[in-house]
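For reference, the structure is listed below as structure tokens.
The values are calculated or read from the model by the stated rules, or taken from the named source; none is laboratory data. Here the structure is a predicted model, which is why all the values come from computation and not from measurement. Reconstructed Cβ throughout: ideal geometry from the backbone, glycine too, with neighbour counts over all protein chains shown. Quick note on the areas: whole protein, heavy atoms, side chains included, nothing else; ligands and nucleic acids left out. Shrake-Rupley method; radii C 1.70, N 1.55, O 1.52, S 1.80 Å.
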Amino acid sequence: MRKITVLTMITLDGVMQAPGGPEEDTSGGFEYGGWTASYGDEVFGKIITEELKPAEYLLGRKTFEIFESYWPQHADFWLGINEGAKYVLSETREKSDWKNSNFLKNVADIKKLKNSEGADIQVWGSGKLIQLLLKNDLVDELRLKIYPLTLGQGKKLFDNGAIPAALTLTESVVTPSGVIIVTYKRAGEVKTGNVGA
């Protein structure tokens with residue numbers, strides 16, 4: 001069985017929308033795209049370099065289309081995303097010229113992929129997909145980069161549908177620019193009486 005790891009950047013108030021640039025995702029009138037730009041430093045760079053090593057990827061359609069239009073021309077920076085298998089959850093797309101792209105239709109397809117033999121799977125961006133995975137208890141690990149700012153609006157990581165779940169902190173780093181980078185592994189169900197204990 002493969003492990004599914006969610007890697008995402010969020011603000012203190014849980015916003016994950018358009019961290020990379022102003023035009024990345026302006027849906028809902030979002031005006032703060034590119035909010036991660038001023039937080040890079042050497043520690044952060046080393047962690048990102050490690051995360052960009054080749055892997056297999058599970059992406060939502062919107063994130064896939066953003067990546068598809070950018071990363072094939074920038075393979076020198078992130079070879080992994082170009083070479084690795086990409087599994088895309090989409091009801092509308094069935095093919096792409098971007099090599100190693102595969103399309104899934106529903107949660108049953110994701111479960112089949114998770115239960116197959118192969119490398120562990122990373123989820124980047126893909127807010128709606130992450131919420132679907134959380135709702136169906138398909139996330140094994142969360143790697144969160146928590147930025148020291150609030151935006152007050154935008155798509156949030158835990159917006160709707162996450163089930164009660166216990167997590168165990170396995171790694172944590174605070175970068176000089178104040179980004180908290182944590183890794184949580186799924187630890188089981190929340191037991192009555194443990195909440196807030």
Dipole check, the chain, charges on Cβ (K,R +1; D,E -1), about Cα centroid: among Ile66, Gly33, Ile130 the Cα furthest to the positive pole belongs to Ile130
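Using the heavy atoms of the protein chains alone and a 1.4 angstrom probe, what is the accessible area of segment 112-157 per residue in square angstrom?
Working: 2050 Å² over 46 residues.
That works out to 45 Å² per residue.
Can you check what the net charge comes to around Phe30, using other residues whose Cβ is under 10 Å from the Cβ of Phe30 (Lys, Arg +1; Asp, Glu -1)? Could you put the intermediate results ahead of the total?
Working: positive: Lys155; negative: Glu24, Asp25, Glu31.
Around Phe30, the surrounding residues sum to -2.
Tally up the carbon and sulfur contribution to the accessible surface of the chain as a whole percent, 1.4 Å probe, everything protein left in place. Each step should come with its number before you reach the end.
Values: 5590 of 10730 Å².
In the chain, the share of accessible area belonging to carbon and sulfur is 52 percent.
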What is the dipole size for the chain, taken about its Cα centre, with +1 at each Lys and Arg Cβ and -1 at each Asp and Glu Cβ, in debye to the nearest 20? 680 debye
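R0 = 35 Å: FRET efficiency of Val182 with Leu79, Cβ-based, nearest 0.05?
Numbers: r = 26 Å, r/R0 = 0.75.
Working from the Cβ atoms, E equals 0.85.
Classify segment 1-99 from the C-alpha gyration tensor, please: rounded if a/c falls under 1.5, else prolate or oblate depending on whether a/b exceeds b/c.
Details: a/c = 1.57, a/b = 1.17, b/c = 1.34.
Oblate is the answer for segment 1-99, as a/c is 1.5 or above yet b/c matches or exceeds a/b.
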May I ask you to rank Glu83, Glu65, Glu117 by accessible area, largest first, using a 1.4 Å probe over the protein chains only? Glu117, Glu83, Glu65
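Taking 0.36 nm per residue of separation and subtracting the Cα-Cα distance, what length does fully extending Val173 through Lys128 add? Could the numbers behind the result be given before it?
Numbers: separation 45, 0.36 × 45 = 16.20 nm, distance 2.69 nm.
Separation in residues times 0.36 nm, less the Cα-Cα distance, equals 13.5 nm.
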Hey, if we sort Tyr39, Tyr70 by accessible area with the 1.4 Å probe, largest down, what's the order? Tyr70, Tyr39
Give me the distance between the Cα centres of segment 56-96 and segment 144-174, rounded to whole Å. 23 Å
Under the 7 Å Cα-to-Cβ spin-label approximation, Asn106 and Arg2 lie apart by a distance in nanometres of 2.0 nm
Percent relative contact order of segment 57-197, based on C-alpha pairs within less than 8 angstrom and at least six residues apart? 20 percent
For segment 77-197, alpha-carbon Rg relative to the globular expectation (2.2 N^0.38 Å, N residues): 1.22
